[in-house]
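**Student:** For reference, the structure I am asking about is given below.
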Amino acid sequence: MAKVIYIDSAGREHAVDAAAGESVMAAAVKNGVPGIVAECGGNCSCATCHVWVTEEFVPLVGPPEELEEDLLDMGVSERRPSSRLSCQIRVTEALDGLTVEIPPEQP
Amino acid sequence: MPRRGTLIVGAGQAGVQLAVALRRLGDTAPITMVGEEPFPPYQRPPLSKEFLSGAAHFDMLALRAPDFYAEAGIDLVRGERVREVRPGLAATESGRELPYDRLALTVGADARRLPVPGGDLDGLCHLRGYDDAVRLRDRLGAAERVVVVGGGFIGLEVAAAARTAGRSVTVVEAADRLMSRVVGAAVSDFYLAAHRRRGVDVRLGSGVSAFDGADGRVTGVVLTDGTRLPADLVLVCVGVRPRTELAERMGLRCDGGIVVDARARTSDPAVVAAGDCAVQPHPVTGRGAVRLESVPNATAQAQVAAATLLGRPPGPPPPPWFWSFQGDLKLQIAGLADGHDQHVVRGTPDDERFSVLYYRRNRLLAVDAVNRPADYMAVRAALGRGATIAADRAADPEIPLKTLIEDPAA
């Protein structure tokens, strides 16, 4: 288990206990965190689970792979260096406390 | 008078989305959602992919956490099937009565059976629900020779998984090309070659006349040309049959599905339907009717249905999109290509990285993208805002499509 904290576009924090191996998207959707839509269910096909990873976690989470990079490039409303699709981030014990911001708009 | 709220019949992707959308739109009335399966609502797409390969287990498939429904005020009734619906009151097969003010049908579809001799032999599988997937996964572990009947998305996804697991795999398709209902001929040809390169034996133009068996177990598939293919596991993936029985008993108009309008209303405007069970006006042209079997459609249509139930105008319809990940071949489709009069191929299929754009009278309709997600996203974005991409320039795979999007004149 690891705690993941989602900050929604109104600034509210939602803390979720996520299982190791689960995606950051799945943990949010299952627990009804608003603003992460995830239409494709985690197949890196819809770009509706976009998050901004907070600065201190960016090196731990790592950069997007090619498929994700293409979706971020084209499919999200406000691309930042910390942008990731949360379906492509796997929860690990090392990511305990991971904090991500949810953009106001998903495409 | 106490509010009886909304009754949602069917607890799949569309049903869950409809319930969630009602809450998001501020509806505080009770919501009851009835599903016939004993499991909490789950995602079906991974059943033919990650679940078979062992990369996903049930908890990872759940659409929402177990506590979510109660917290959202959604009464989830599992393991019950609605038998009868009268105005204001539905009854399940076990006799449970479910009063309602508003009714939504998200009843989905069943895997179609092949009406040929031997269809009830052991070792013959279909794939629709979690039960089916568990059975298939367990049998796949012990099987040597697998025959998949049907060369559509699901059949080919399972074929790819079985081949990756080292099984001998034959795909039998009645049409003269793979996935003929959903992709263009160039893409079908590519997939034929690509699956053959990976060692899958693909037989096109082959119908099935019977299943062979011994001691009640399937031992092979008999093709219409008399060929016998030995098999210890047969998966029949020949499409779905929308579940219209309940709607028909209610007197709702059905024609290859429950007929709805662009606002998800059935022929009784007080009743909405969404997802695999619903036939809707063509979302792009408005001419003719289509039944779209996809998660994105279930999601979008459920949101429209929720707005309709609350008397709100729905948002503009997003362009339809689909995906099918067959092993390492990631197919992503945006738009609907039917009626196209021109197509443009970007990249070379031999590289296993290309896309095909479809046009009608120079207007962009759709894309089939294989391992080219940027092309898929660009076309999806263009279609979503009524833009197009010039066909002559799209053919150059070195020019990013996103730089070619031409927005409609303001």
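The values are calculated or read from the model by the stated rules, or taken from the named source; none is laboratory data. None of the values given here were measured: they were computed from a predicted structure. Glycine gets a Cβ as well: all are built from the backbone with ideal geometry, and neighbour counts include every protein chain shown. Please note that ligands, DNA and RNA were not included when accessible areas were found on the heavy atoms of the full protein model with its side chains. Shrake-Rupley method; radii C 1.70, N 1.55, O 1.52, S 1.80 Å.
**Student:** Before we move on, is A:Gly21 within 14 Å of chain B (Cβ to nearest Cβ), open to solvent by 20 Å² or more (accessible area, probe 1.4 Å), modelled with pLDDT of 85 or more and on the phi > 0 side of the Ramachandran plot? Can you show your working first?
**Tutor:** Values: within 14 Å of chain B (Cβ to nearest Cβ): yes; open to solvent by 20 Å² or more (accessible area, probe 1.4 Å): yes; modelled with pLDDT of 85 or more: yes; on the phi > 0 side of the Ramachandran plot: yes.
Spelling it out, A:Gly21 is indeed within 14 Å of chain B (Cβ to nearest Cβ), open to solvent by 20 Å² or more (accessible area, probe 1.4 Å), modelled with pLDDT of 85 or more and on the phi > 0 side of the Ramachandran plot.
**Student:** Checking B:Ser355 against (1) within 14 Å of chain A (Cβ to nearest Cβ); (2) at pLDDT below 95: exactly one of these is not met. Which one?
**Tutor:** Of the numbered conditions (1) within 14 Å of chain A (Cβ to nearest Cβ); (2) at pLDDT below 95, the odd one out for B:Ser355 is (2).
**Student:** Which one of these is away from chain A (no Cβ under 14 Å), hydrophobic (A, V, I, L, M, F, W, C) and under 14 Å from the mean Cα position of the chain (by Cα): B:Ala289, B:Ala278? So that I can check it myself, show each step before the final result.
**Tutor:** On the way: B:Ala289 fails: under 14 Å from the mean Cα position of the chain (by Cα).
When all the criteria are applied, what remains is B:Ala278.
**Student:** Here is a follow-up. Tally the residues that are surrounded by fewer than 20 Cβ atoms within 10 Å (Cβ to Cβ), among the small types (Gly, Ala, Ser) and touching a residue at least 24 places away in the same chain (Cβ under 8 Å), restricting the search to the range B:153-183.
**Tutor:** 4
**Student:** While we're here: Considering every residue within the range A:85-96, establish whether at least one is under 26 Å from B:Ser294 (Cα atoms), open to solvent by less than 70 Å² (accessible area, probe 1.4 Å), of a type in the set (D, E, K, R) and at pLDDT 85 or above.
**Tutor:** Taking every residue of the range A:85-96 in turn, none turns out to be under 26 Å from B:Ser294 (Cα atoms), open to solvent by less than 70 Å² (accessible area, probe 1.4 Å), of a type in the set (D, E, K, R) and at pLDDT 85 or above.
**Student:** Output the residues belonging to the range B:295-309 that are away from chain A (no Cβ under 14 Å) and open to solvent by less than 20 Å² (accessible area, probe 1.4 Å).
**Tutor:** B:Ala305, B:Ala306, B:Ala307
**Student:** Follow-up question, since we're still on this one. Test each condition in (1) at pLDDT 90 or above; (2) surrounded by fewer than 24 Cβ atoms within 10 Å (Cβ to Cβ) for A:Cys49 and report the one that comes out false.
**Tutor:** Here A:Cys49 clears every test but (2).
**Student:** Still on this structure, please answer the following. Within the set of pairs 6 or more residues apart or between chains, which connect a residue that is of a type in the set (S, T, N, Q) inside the range B:289-302 to a residue that is assigned to a helix (DSSP H, G or I) with Cβ atoms less than 6 Å apart?
**Tutor:** Final answer for the pair search is B:Thr299/B:Gln17.
**Student:** Here's another thing I want to ask about it. Kindly provide the set of residues from the range B:310-319 that are open to solvent by 30 Å² or more (accessible area, probe 1.4 Å) and touching a helix residue (DSSP H, G or I) at 6+ places or on another chain (Cβ under 6 Å), ordered by number.
**Tutor:** Hits for the range B:310-319 are B:Pro314, B:Pro318.
**Student:** I would also like to ask the following. Does the range B:184-203 hold any residues that are among the aliphatic types (A, V, I, L, M) and free of Cβ contacts under 8 Å to residues at least 12 places away in the same chain, and which are they?
**Tutor:** Filtering the range B:184-203 for residues among the aliphatic types (A, V, I, L, M) gives B:185-187, B:192-194, B:200, B:202.
Answer for the range B:184-203, where residues must be among the aliphatic types (A, V, I, L, M) and free of Cβ contacts under 8 Å to residues at least 12 places away in the same chain: just B:Ala185.
**Student:** Residues that are aliphatic (A, V, I, L, M), assigned to a helix (DSSP H, G or I), touching a Pro at 6+ places or on another chain (Cβ under 9 Å) and within 12 Å of another protein chain (Cβ to nearest Cβ): does the range B:37-47 have at least one?
**Tutor:** Just the residues of the range B:37-47 that are aliphatic (A, V, I, L, M), to begin with: B:47.
If we keep only those that are assigned to a helix (DSSP H, G or I) too, we end up with B:47.
Adding the requirement that they be touching a Pro at 6+ places or on another chain (Cβ under 9 Å) leaves none.
No: the range B:37-47 contains no residue that is aliphatic (A, V, I, L, M), assigned to a helix (DSSP H, G or I), touching a Pro at 6+ places or on another chain (Cβ under 9 Å) and within 12 Å of another protein chain (Cβ to nearest Cβ).
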